[in-house]
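Asks: Here's a structure for you.
Each value in this text was obtained by applying a stated rule to the coordinates, not by laboratory testing. What you are looking at is a predicted structure, and each value in this text was computed from that prediction instead of being measured. Don't worry about glycine lacking a Cβ; one is built from the backbone with ideal geometry, like all the others, and counts go over all protein chains shown.
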Amino acid sequence: METIELLDTAIKIGLGAFISGFSTYLVTTKNNKHQMTSSLVEKKVTILQSASESLDTYIIKLSDVFSWMDGILRNGTEPGIVTREKLKNLRIREKDTFLVDSREQRSKALSQLKLIGAFQVAEECENLYKIENRYRKKVMFELTIPTESELKEFRDEFKSVKDSIYKAQQAYFEALYI
């Protein structure tokens, strides 16, 4: 009988140790996965913040270009074709240079947004770039001062896309925590 009792005790101890070890493994694995997920979310939030700051730099410069043109029109400059010298005298080229320089920030933001999977935000940013290109084509390459109504169309479209960008950023941010 002693051998059976000894064997029974050994099996119970072994089974208990196995259950305890397996439970510890499961809990540790789950905690590590949760910690990794939390770290990933934190990193994505940090990258999203950086992308937002870079994108805001570009948005501000594009807004400045539209505002400057609005001021030019309000000061009595007639819409229509102008010379390169007139663009320079009106400081339109100067404002355009600041905008073009901010494209680096836009590109950085796009790369960061795509890296973290914020593709909807990146797509909206591309729409903003299309507005810029149409505006620059008209003013900088066709040397044409837009009419007030044309400028209003650019600004309205700009505002709409900008709002879409912010909404897409918010949706992406909130989805990180769901």
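Asks: What is the local net charge at Asp70, summed over the other residues whose Cβ is closer than 14 Å to its Cβ (Lys, Arg +1; Asp, Glu -1)?
Replies: +1
Asks: Something else about it: Counting only other residues whose beta carbon sits under 11 Å from that of Glu142, what net charge do I get with K and R as +1, D and E as -1?
Replies: Overall, the nearby charge balance is +4.
Asks: Let me ask something else about it. Calculate how steeply helix 148-176 sits against the longest principal axis of the alpha-carbon atoms of the chain, using the helix alpha-carbon long axis, and give the answer as 0 to 90 degrees to the nearest 10.
Replies: 10
Asks: Kirkwood Rh over Cα pairs of the stretch 85-178 into Stokes-Einstein at 4 °C, 1.567 mPa s: D in µm²/s?
Replies: 87
Asks: Running Debye on the stretch 6-118 with equal point scatterers at the Cα sites and no solvent, what base-10 log of I(q)/I(0) appears at q = 0.10, 0.11, 0.16, 0.20 Å⁻¹?
Replies: Taken in order of the listed q values, log10 I(q)/I(0) reads -0.57, -0.63, -0.86, -1.02.
Asks: Let me ask something else. Would you please name the chymotrypsin sites (Phe, Trp or Tyr not before Pro) within the stretch 81-178 that are DSSP coil residues with at most 13 other C-beta atoms within 10 Å of their C-beta?
Replies: Of the chymotrypsin sites (Phe, Trp or Tyr not before Pro), the ones in loops of the stretch 81-178 whose Cβ has at most 13 other Cβ atoms within 10 Å are Tyr177.
Asks: Quick one: length gained pulling Ile19 to Ser149 fully straight, 0.36 nm per residue minus the C-alpha distance?
Replies: Fully extending the segment from Ile19 to Ser149 adds 39.2 nm.
Asks: What is the calculated FRET efficiency for Asp70 to Glu126, with r their C-beta to C-beta distance and R₀ = 30 Å, to the nearest 0.05?
Replies: 0.75
Asks: In whole Å, what is the distance between the alpha-carbon centres of the stretch 134-178 and the stretch 18-62?
Replies: 31
Asks: May I ask which of Lys44/Lys167; Lys61/Lys162; Lys88/Lys108 have a Cα-Cα span longer than 19 Å here?
Replies: Lys88/Lys108
Asks: Given contacts defined as C-alpha pairs under 8 Å and at least six residues apart, what's the relative contact order of the stretch 38-178, whole-number percent?
Replies: 35
Asks: About the Cα centre of the stretch 1-89, how large is the charge dipole given +1 on each Lys and Arg Cβ and -1 on each Asp and Glu Cβ? Please answer in debye to the nearest 20.
Replies: 500
Asks: Given 0.36 nm per residue, what is the gain on full extension from Thr97 to Glu78 after removing their alpha carbon distance, in nm?
Replies: Residue separation times 0.36 nm, minus the Cα-Cα distance, leaves 4.6 nm.
Asks: Right, here's the next one. Say R0 is 35 Å: what FRET efficiency, to the nearest 0.05, do Asn133 and Lys33 get from their beta-carbon distance?
Replies: E between Asn133 and Lys33, to the nearest 0.05, is 0.20.
Asks: Please work out the FRET efficiency for the pair Glu5 and Leu26, using the Cβ-Cβ distance as r and a Förster radius of 25 Å; give the result to the nearest 0.05.
Replies: The value I calculate is 0.20.
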